[in-house]
Amino acid sequence: MWAKRRRRRLAFLAWKQDHEDIKALKNNTKFMDDFVAKGRKARTFRAFKLYSEVAGSRMLMARTRKKIEIDVDAKIEAAKIKQEFLEGMIKELEEKYRIELRRKALIKDQLDKKYLAGANAI
């Protein structure tokens, strides 16, 4: 009888210990979630403050936008020039390849003719 009650008591204590660990973990995660949310709010507010101080002026925003557009247009133009240059090189190499294939075909044809002429001479 006492052994049965002891086993029940130990089982209950083990369950209670596990439950307390889970409860502590939940409390800890709630604390961490609150801490992270508070940090995000502070970071967002700092970023907004910086934005309102530095980029609040419409003139500054317009000048910045114009500089960015100029830089982007210049980079696009450079990329187009580079692409045209590469396309020209590719066309030139393709033309050289075609010429080389024609030469190869002519040389092979000449070789076949000479071979046939030699075979006929025998």
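Laid out as a table, the results:
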| quantity | calculated |
| --- | --- |
| Lone qualifier among 75, 96 - being without any contact (Cβ under 8 Å) to a residue 12 or more places away in the chain, at negative phi and over 29 Å from the mean Cα position of the chain (by Cα) | 96 |
| Filter result for the condition that a residue is at pLDDT 95 or above and out of contact with any Pro (no Cβ under 7 Å at 6 or more places or on another chain), over 61, 89 | 89 |
| Residue satisfying condition, being assigned to a helix (DSSP H, G or I) and at pLDDT below 70, within set 21, 71 | 21 |
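The values are calculated or read from the model by the stated rules, or taken from the named source; none is laboratory data. Values in this document were obtained by computation on a predicted structure and should not be read as measured data. Positions of Cβ are backbone-derived with ideal geometry, glycine not excepted, and every protein chain shown enters the neighbour counts.
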